[in-house]
Amino acid sequence: LRRIPGWNSGGPPIWNVPHRRNPNFTGREELLQHLGDALSSGQQTDLTQAIHGMGGVGKTQFAVEFAYRHSASYQVVWWVRAEELATLSSDYAHLAGSLNLPDRTQREVINAVRRWLEQNEGWLLVFDNAREPDDLHEFLPRGASGQIIITSRNPNWAALASALAVPVWERKESVSFLERRAGQSNNQA
């Protein structure tokens with residue numbers, strides 16, 4: 001991925017992923033590879049990916065793992081809790097402070113952040129637990145060169161994003177996760 005021109009690469013990137021990396025993250029390697037390939041394809045239609053699946057299937061952990069694995073590829077990684085409009089607006093607007101954008105009304109701040117994202121590269125936004133595509137319209141940059149991951153139970157994102165279904169684990173993945181979590185392996189049992 002290209003870096004933001006003129007960005008102070010000597011300092012740490014802007015980062016607000018509110019979750020620690022899960023040391024027991026297991027499986028999903030093929031899906032992670034698919035997501036990475038799609039986001040880095042350069043195709044405008046692939047720059048926004050909607051990860052969807054049943055509740056509890058690991059969509060948020062999947063997005064967290066992707067953000068940690070690929071953090072060196074971005075100058076900005078910003079996590080937005082998208083389940084409620086109030087938290088979505090607030091989390092999105094807090095990015096303005098990290099980008100040193102002027103502090104104005106919430107609407108002006110949202111527009112300023114969106115314009116910044118449209119004019120810069122090297123960023124990843126994660127909209128976690130989004131309910132409906134219409135909820136995100138005013139927040140999504142238009143024609144941007146950054147990347148967006150949306151996690152949702154809703155599979156109907158075709159108007160805004162390429163969809164990537166996260167299925168329930170196969171038995172082998174479930175066993176592997178439990179073994180890692182317990183610090184054991186089948187050979188020890």
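Among the numbered conditions (1) within 13 Å of Leu140 (Cα to Cα); (2) outside any strand (DSSP E or B); (3) touching a strand residue (DSSP E or B) at 6+ places or on another chain (Cβ under 7 Å), tell me where Leu95 comes up short.
(1)
Residues being at pLDDT 95 or above and open to solvent by 10 Å² or more (accessible area, probe 1.4 Å): count how many of those fall in the stretch 69-82.
Qualifying residue count, the stretch 69-82: 2.
Kindly indicate the residue of the stretch 117-133 that is without any contact (Cβ under 8 Å) to a residue 40 or more places away in the chain and within 18 Å of the chain's Cα centre (by Cα) and also most open to solvent (accessible area, probe 1.4 Å) among those meeting that condition.
My answer is Glu132.
Of all residues in the stretch 39-61, count the ones that are closer than 9 Å to Thr151 by Cα and not aliphatic (A, V, I, L, M).
Total meeting the criteria: 5.
State yes or no: is Asp91 surrounded by 18 or more Cβ atoms within 10 Å (Cβ to Cβ), charged (D, E, K, R), touching a helix residue (DSSP H, G or I) at 6+ places or on another chain (Cβ under 8 Å) and modelled with pLDDT of 90 or more?
No: the conditions fail for Asp91.
Restricting attention to the stretch 13-54, report how many residues are part of a loop (DSSP other than H, G, I, E, B), open to solvent by less than 40 Å² (accessible area, probe 1.4 Å) and in contact (Cβ under 8 Å) with a residue 60 or more places away in the chain.
Matching residues across the stretch 13-54 total 7.
The values are calculated or read from the model by the stated rules, or taken from the named source; none is laboratory data. As the structure is a prediction and not an experimental result, all values here were calculated from the model. Ideal geometry is used to build each Cβ from the backbone, glycine not excepted, and the neighbour counts take in all protein chains shown. All accessible areas refer to the heavy atoms of the entire protein, side chains included, with ligands and DNA or RNA removed. Shrake-Rupley method; radii C 1.70, N 1.55, O 1.52, S 1.80 Å.
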